[in-house]
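Structure first, then comments.
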Amino acid sequence: MRRIAIISVFLALLVSCAETKVQDNSISVIPEPMYCRADEGVFVIDKDTKIVVDELSEEMQRIAGFLNEKLSKAAGFELEIVKDGPMPRENFIAFMNAGLQSESYEINVVPQHILVDYGDGAGAFYALQTLFQLLPVEIFSQELQKRVDWTVPCCNIDDKPRFKYRGMHLDVCLHYFDLEFLKKYIDIMAAHKVNRFHWHLTEDQGWRLEIKKYPLLTEKGQWRKETVVGSLSSGVYDGIPHGGYYTQEQVKELVKYAADRYVTIIPEIELPGHALAAIACYPELSCGLEDHYETATRWGIFKQVYCPKETTFEFLEDVFDEVFELFPSELVHIGGDECPKASWKACPHCQALIRKLGLKDEYELQSYFVTRMEKYINSKGRQIIGWDEILQGGLAPNAKVMSWLGEEGGIKAAQQHHEVVMSPHYKYYLDYWQADPYSEPLAMSGPTTLRTMYDYEPVPEVLTQEERKYIIGVEGCVWTEYMPTPERVEYMAWPRMCAIAETGWTRSEKDWDGFAQRLEKHFGRLDGMEVEYCAAFFSPMIVFHKDTPHNMVVTMTVDAPGAEIHYTLDGSVPTADSPKYEIPFSINRSQTVTAAAYRDGRQIGEIKSKRF
Ligand code: ACM
Ligand code: ZN
């Protein structure tokens, strides 16, 4: 017995040693580069490899530092950074400013060295993100990886983004998240070459940004006394106060952290609607129709909105003055969505203002509100972006539109030669289910699967070639009604955000099969970054299509490449020998579909079961 044990330990050792030698050197980058040619051979990074930079600026040192940061964690060594002097003969990674366009880069890997050409820091940084993905996935690990050769497959990559705006949004109002989590969020974005963090800071349910001139906004406005449990219609509340806000010092820290990773933070200060938390602190900002205003405790839309009075404009201008001090972004988000008109209809001041300005209705009053704020914001050298509804009553002259209601607003804005970011809710809202709602925690709507997000083409065909230029990018939106924890946010956002990042960066032809194959390897990187992503990719999705009262038609899909689905209808656990799903079929009320995905005879993912 003992001898067998010793032999098997020896065999296991042999196998594990052999494993280190059979390294996967395939190229698998997300977002996919514009051009990539794989060549024979590998370059190996070891302790003696030098990083050569042509300018020892603080910026290039910082960028080279990101490589050392990863190497020191995963490989246990750092590389010397050199400038000037004779070029090493071999075993170096050289960053050369070749005057390329902003964000563009070229990487040439040969067995002797790696050459990186760039034009600006963003280009060099993105080259580095690609280099990380050329290395074994273990480079993303937070722990020392002893048995990995740090090989980079020989290749030539010539890359640049399709869109200048590649955004990811986070609502920190419906639930608050601390600064450490936001830094990690930005790290993961940057690893996917996502360059805009749309920070949704004010809402009916909480005000999260310190404004020195109006201390109540955070002293009081950060709090709601409790939160609805379940959907907004349950009527059941948890009785637990929820709050949290960011000091101006924290904001500055995050803005710098993001900028170091080529992410611009776009703050959102909602107006004229979604303003109840501010109004609860300063009721004079409202139309004054109610005795008492309180930060909202459930989700949805509220009729208590800013009243377009001089004092309100003064307040908002003061708030934006402080915002401009904190955020260098040229673009600021002013919200503009879901502003009910009931209060304005009932407010004597609003009605008098409509008459005085010769406006047709409350929609035009909203346009007046937004346009007036735009004028102020433009006077400070900044530009506004707002949700679709800022089109109502006429678009402010220089506004950009974030199209969330669908594509119509985006199309209309592009036709009027206003820049547009596409984030239609049924394609790019990450608070929608990504897997079967039947077996998932509560989400907002959907499902909007990984595949749906991947397949979405953000430039509508109805636009002319000229109008298409106004679609400047895409954004994935993370509304956190049903995401009270960081883990939940990551679960909802990833890997679907990988699909949006790829659409934002890569040429427009879609290649789902290629993406799915690359994503499978990419999960190893997300694991290394400790992202709590959703693994629905490996499990069957069972869809019931209503037919007669007595039967349903069943379809099933699985994202993992090369996987097949086997299922049972009697409630038993399926095996690789159970019937294989080939085409849609019909079931009756007595049957339960239980399915699992298999590859090479082995089950992957979870068993999914669904009753009528
Ligand atoms: C939004 O989802 N109300 C922009
Ligand atoms: Zn009013």
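Structure summary
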quantity: Protection proxy ranking, peptides 257-265, 294-302, average beta carbon neighbours within 10 Å, highest first; calculated: 257-265, 294-302
quantity: Order of Met552, Met189 under a 10 Å beta carbon neighbour criterion, fewest first; calculated: Met552, Met189
quantity: Relative exposure of Leu128, Leu56, judged by other C-beta atoms within 10 Å (fewest first); calculated: Leu56, Leu128
quantity: Using alpha-carbon coordinates, inclination of helix 310-326 to the longest axis of the chain, degrees; calculated: 20
quantity: Proximal charge balance of Glu59 [Cβ under 10 Å; K/R count +1, D/E count -1]; calculated: -3
quantity: Packing rank of 571-577, 170-176, where each peptide gets the mean count of other beta carbons within 10 Å, highest leading; calculated: 170-176, 571-577
quantity: Candidate aspartates and glutamates - alpha carbon under 19 Å from Lys546, same-chain residues fewer than 8 apart omitted; calculated: Asp436
quantity: Nonlocal amide H pairs with Ile114, under 5 Å, H built at 1.01 Å; calculated: Phe92, Ile93, Ala94
quantity: Calculated FRET value between His545 and Asp149, using beta carbons and R₀ = 35 Å, to 0.05; calculated: 0.10
quantity: For the chain, share of DSSP beta bridges that run antiparallel, in % to the nearest 5; calculated: 50
quantity: Amide hydrogen neighbours beyond the local backbone of Val42, cut-off 5 Å, H modeled; calculated: Cys154
quantity: Angle in degrees between helix 2-21 and the longest Cα principal axis of the chain, rounded to the nearest 10; calculated: 60
quantity: Estimated D of the chain in µm² per second, where Rh is the Kirkwood radius over Cα pairs and Stokes-Einstein applies at 25 °C, 0.890 mPa s; calculated: 92
quantity: Lys, Arg +1 and Asp, Glu -1 on Cβ, resulting dipole of the stretch 288-383 about Cα centre, debye, nearest 20; calculated: 500
quantity: For the stretch 217-233, 3J(HN,Hα) per residue [Karplus equation, 6.51 cos²θ - 1.76 cosθ + 1.60, θ = phi - 60°, Hz, x = Gly/Pro]; calculated: 3, 9, 4, 10, x, 5, 9, 10, 6, 6, 9, 4, 9, x, 6, 5, 9
quantity: Top positive-direction residue, dipole computed over the chain with Cβ charges, set Gln465, Gly409, Gly381; calculated: Gly409
quantity: Gained length - Ala98 relative to Asp48, 0.36 nm times residue gap less alpha-carbon distance; calculated: 15.4 nm
quantity: Per DSSP, loop GluC sites (Glu not before Pro) in the stretch 470-527 with at most 12 further Cβ within 10 Å; calculated: Glu509
quantity: Gain upon complete extension [Lys225, Gln112; 0.36 nm per residue less C-alpha separation]; calculated: 34.4 nm
quantity: Rounded to whole Hz, the Karplus (6.51, -1.76, 1.60) HN-Hα couplings of the stretch 453-465, x for glycine and proline; calculated: 5, 4, 6, 5, 9, x, 9, x, 5, 5, 6, 6, 4
quantity: Value of D in µm² per second that Stokes-Einstein yields for the stretch 29-137, Kirkwood Rh from Cα pairs, at 4 °C (1.567 mPa s); calculated: 92
quantity: Within the stretch 456-530: Cβ-based charge dipole about Cα centre, in debye rounded to nearest 20 (Lys, Arg +1; Asp, Glu -1); calculated: 140
quantity: For the stretch 223-342: rounded, prolate or oblate by the Cα gyration tensor [a/c cutoff 1.5]; calculated: oblate
quantity: For q = 0.18, 0.20, 0.23 Å⁻¹, Debye-computed log10 I/I(0) when each Cα of the stretch 50-93 counts as one equal scatterer; calculated: -0.52, -0.63, -0.79
quantity: Options Val152, Met483, Asn91, ranked by Cα towards positive dipole end of the chain, top entry (Cβ charges); calculated: Met483
quantity: Sum of -39500 (n - 2.57) over DSSP H runs of 4+, divided by residues of the chain (222 nm, nearest 500); calculated: -9500 deg cm²/dmol
quantity: Percent RCO, i.e. relative contact order, over the stretch 435-520, from Cα pairs under 8 Å lying at least 6 residues apart; calculated: 37
quantity: Kirkwood-Stokes translational diffusion coefficient of the stretch 123-227, alpha-carbon pairs, 37 °C, 0.692 mPa s, µm²/s; calculated: 191
quantity: DSSP beta bridges in the stretch 81-133 [antiparallel fraction, %, rounded to 5]; calculated: 50
quantity: Listed residue (Cys339, Met552, Ile139) projecting farthest to the positive dipole end of the chain, Cβ model; calculated: Met552
quantity: Mean separation of Cα contacts under 8 Å (6+ apart) over length of the chain, as relative contact order %; calculated: 11
quantity: FRET efficiency, 1/(1 + (r/R0)^6) with R0 60 Å, evaluated for Arg355 and Lys73 via beta carbons; calculated: 0.35
quantity: Placed amide H near His198: partners under 5 Å, 5+ positions off or other chain; calculated: Met168, His169, Leu170, Ile266
quantity: Residues Trp387, Trp207, sorted so that the one with the fewest Cβ neighbours within 10 Å comes first; calculated: Trp387, Trp207
quantity: Hull-based mean projected area of the stretch 349-413, where the convex hull spans the alpha carbons, in square nanometres; calculated: 4.7
quantity: Cα-Cα over 32 Å, subset of Lys160/Lys252; Lys212/Lys256; Lys375/Lys412; Lys225/Lys360; Lys212/Lys309; calculated: Lys225/Lys360
quantity: Chain lengthening between Asp24 and Asn398 when straightened (0.36 nm per residue, less Cα-Cα); calculated: 129.6 nm
quantity: Karplus-derived 3J(HN,Hα), 6.51/-1.76/1.60, for each residue of the stretch 130-144, Hz, glycine and proline x; calculated: 5, 4, 4, 7, 7, 6, x, 4, 4, 4, 7, 5, 8, 10, 4
quantity: Trypsin sites (Lys or Arg not before Pro) within the stretch 459-496, DSSP loop, no more than 15 other Cβ atoms inside 10 Å; calculated: Lys469
quantity: Convex hull (Cα only) mean projected area of the stretch 229-276, reported in nm² to one decimal; calculated: 5.7
quantity: Total formal charge among the other residues, if their Cβ is under 10 angstrom from that of Thr452, Lys/Arg +1 and Asp/Glu -1; calculated: +2
quantity: Loop-located trypsin sites (Lys or Arg not before Pro) in the stretch 136-192, at most 10 other Cβ atoms within 10 Å (DSSP); calculated: Lys146
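Bear in mind that the values in this text are calculations on the coordinates, not laboratory data. Since we're looking at a predicted model, the values are computed, not measured. Virtual Cβ from ideal backbone geometry, glycine too; neighbours counted across all protein chains shown.
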